[in-house]
1. Considering the stretch 121-140 alone, what residues qualify as being in contact with a helix residue (DSSP H, G or I) (Cβ under 7 Å, 6 or more places away or on another chain), open to solvent by less than 40 Å² (accessible area, probe 1.4 Å) and in contact (Cβ under 8 Å) with a residue 60 or more places away in the chain?
2. From E367, E354, grab the single residue that is among the acidic types (D, E), under 27 Å from Q316 (Cβ atoms), in a loop (DSSP other than H, G, I, E, B) and open to solvent by less than 50 Å² (accessible area, probe 1.4 Å).
3. If you scan the stretch 214-229, which residues turn out to be within 27 Å of V90 (Cβ to Cβ) and either open to solvent by less than 60 Å² (accessible area, probe 1.4 Å) or among the small types (G, A, S) (or both)?
4. Quick check on S555: is it touching a Phe, Trp or Tyr at 6+ places or on another chain (Cβ under 6 Å) and within 22 Å of L486 (Cβ to Cβ)?
5. Just give me the residues in the stretch 330-342 being of a type in the set (V, I, T), over 17 Å from L424 (Cβ atoms) and open to solvent by less than 40 Å² (accessible area, probe 1.4 Å), in sequence order.
6. For D308, which of the numbered conditions (1) at pLDDT below 95; (2) open to solvent by less than 60 Å² (accessible area, probe 1.4 Å); (3) within 26 Å of I459 (Cβ to Cβ); (4) not in a loop (DSSP other than H, G, I, E, B) fails to hold?
7. Select from the stretch 61-72 the residues that are under 18 Å from A98 (Cβ atoms) and either of a type in the set (D, E) or crowded, with 18+ Cβ neighbours inside 10 Å (or both) and list them in ascending order.
8. Any idea how many residues of the stretch 94-114 are open to solvent by 10 Å² or more (accessible area, probe 1.4 Å), hydrophobic (A, V, I, L, M, F, W, C) and either touching a residue at least 40 places away in the same chain (Cβ under 8 Å) or over 13 Å from D74 (Cα atoms) (or both)?
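The values are calculated or read from the model by the stated rules, or taken from the named source; none is laboratory data. Keep in mind the model is a prediction, meaning the values are calculated, not measured. Cβ placement follows ideal geometry from the backbone for every residue including glycine, while neighbour counts extend to all protein chains displayed. Each accessible area value is taken on the protein alone, full model and side chains, heavy atoms only, with ligands, DNA and RNA left out. Shrake-Rupley method; radii C 1.70, N 1.55, O 1.52, S 1.80 Å.
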Amino acid sequence: MNLAATTVMTSAIKGFAGRLLAENILTAEQARDATHNAKAKHISLVRYLIDELGVESRRLAECVSAELGMPLFDLTAIDRDNLSKWDHHVDLMVKHHAVPLFHRGNRLFIGISDPLNQAALEDFKFATGTNIDAVLVDDLSLTELISELTERTSSFERDMASLMTDDDYDRSFEQVRGDEEPEAQDSTEDAPIVRFVNKVLLNAIKQGASDIHFEPYEKHYRVRFRTDGVLCEVVSLPHHLAPRLAARLKVMSRLDISERRIPQDGRIQMELSKKRAIDFRVNTLPTMFGEKIVLRILDSSSAQMGIDALGYESDQQALYLEALQKPQGMILVTGPTGSGKTVSLYTGLSILNEPERNISTAEDPVEINIRGINQVLVNTKVGLNFAQALRSFMRQDPDVIMIGEMRDLETAEIAIKAAQTGHLVLSTVHTNSAAETITRLLNMGIPAFNIAASVTLIIAQRLARRLCIHCAEPETTIPRDALLALGFTVNMLRSAGIKRPVGCPKCKEGFKGRVGIYEVVTITKGIAAAILDGANSIELDRAFREAGFRDLRQSALEKCTQGLISLAEISRVTTD
């Protein structure tokens, strides 16, 4: 501080002490010694007057306002949520008993009860890189505000700590592929963000989550996991962290961090060990308050889990395996997003993946890499769509072809021709049941005779939450008549092991993992005849039941009698 500034400050302090004496707030001795004693205790004059001499804070603030000609600012007019952007300066707030309040142009206004504390203003100027102006506030109100901000920051740190325990951080990523200039990201300022993002990804894997949602809102930033098909919040952060978290995730995904106006797609690969790698499919979406980023967790080990682990009933599994061994035909898997279609298809491909077979896939995106299979990433920007990839496959001597999704007539026509000319084709269609899959193909423009001649098997599926094996208890409160009304048969109830969720330390609300619910339909001669006769979805569904194939609800009832899912899950994942 220069000599002129020191002289002005000394004069102001003396004038201030004189006013306190004139107002009978201090005695002559107290006024004379206050400044010296405050310096000796290494605290500000205002702090000394309040803490040591018991001066009432509001009266003191009014004296400071009158002496320095500064208006007294009312802190109750400040929106606390708007101060979250300064949470990372909470240590500085506590040290200097001051709080950043608002910006005006290129100046930051600091609320402080002792505006003569130049050290505080200089420290805030250095920390924020902004010109500083002091705003006079009542000390008691300032103390309450700093206490509130400190508690909020402590709560945030506790939330962070719940995700960032040292014992499992030590087993963090061996390698994250896709980082650009990771050294630059590990700066002193961003190191906590890097550590936090890494821990979120690791904890999501440990909890068996399928998706991670990073969501910015007006006053907070939410992170959620989708576990066993249900979204749950794991941590809520201050909103000001949104840009830094988004930047970190985009750097890891090799996305353009400067582009925030349009959605972007990327990918992260994390190596947990030399034998296990986890992929994350990343998508960004501009929202009102920042970029929402969703990561889909793709564990390649799920493709090698084996068909026995998927939850097919023995007869359904036999039908799937039989269709896979046919030299030609089409297997269609259908269901909503997140119903496990990808795992069913990849499991089938893994069974077929032998040296004597040429297997090619067209996917958007390639979710799981499988050694020995030629996987093509569809890229519509350069003209490589599903139809174009299929045409190329047909010139590459294929045995098995997998199409990520049949979205249009052109793709469906080429797939149908491939299935009729000595190739086994696997694909997905977005419908709700096996019967609706047939009508969907008809509506796309595929002739009925081509569908009847090429489609060999249709699998409609859902994923239901599996009951925890450690705490599930027998369900004894539901009357027998009510169970019959739900669709259970007398034979089912004779050997039923219906259970209900309880909850224990080994599960989440009584559920742990998921199990598949399936409708598996082989296109028999009778069903083919119904398709040729122009049967609608209701008539086709009736034909499937008459042929002895279970629908999704019947399969769910079977799983319930086996004690695998709860009664509530039946209604959640199926319809009557």
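1. Correct list: A134, L136, V137, D138, D139.
2. Result of the check over E367, E354: E367.
3. F214, E215, P216, Y221, R222, V223, R224 - these are the residues of the stretch 214-229 that are within 27 Å of V90 (Cβ to Cβ) and either open to solvent by less than 60 Å² (accessible area, probe 1.4 Å) or among the small types (G, A, S) (or both).
4. yes
5. As a first pass, look at the stretch 330-342 and keep what is of a type in the set (V, I, T): 331, 333-334, 337, 342.
Pick out the ones that are also over 17 Å from L424 (Cβ atoms) and you get 334, 337, 342.
Selection gives T334 alone.
6. Unmet condition: (2).
7. Keep residues of the stretch 61-72 that are under 18 Å from A98 (Cβ atoms), which gives 61, 64-65, 68, 70-72.
Across the stretch 61-72, the qualifying residues are A61, V64.
8. Count: 3.
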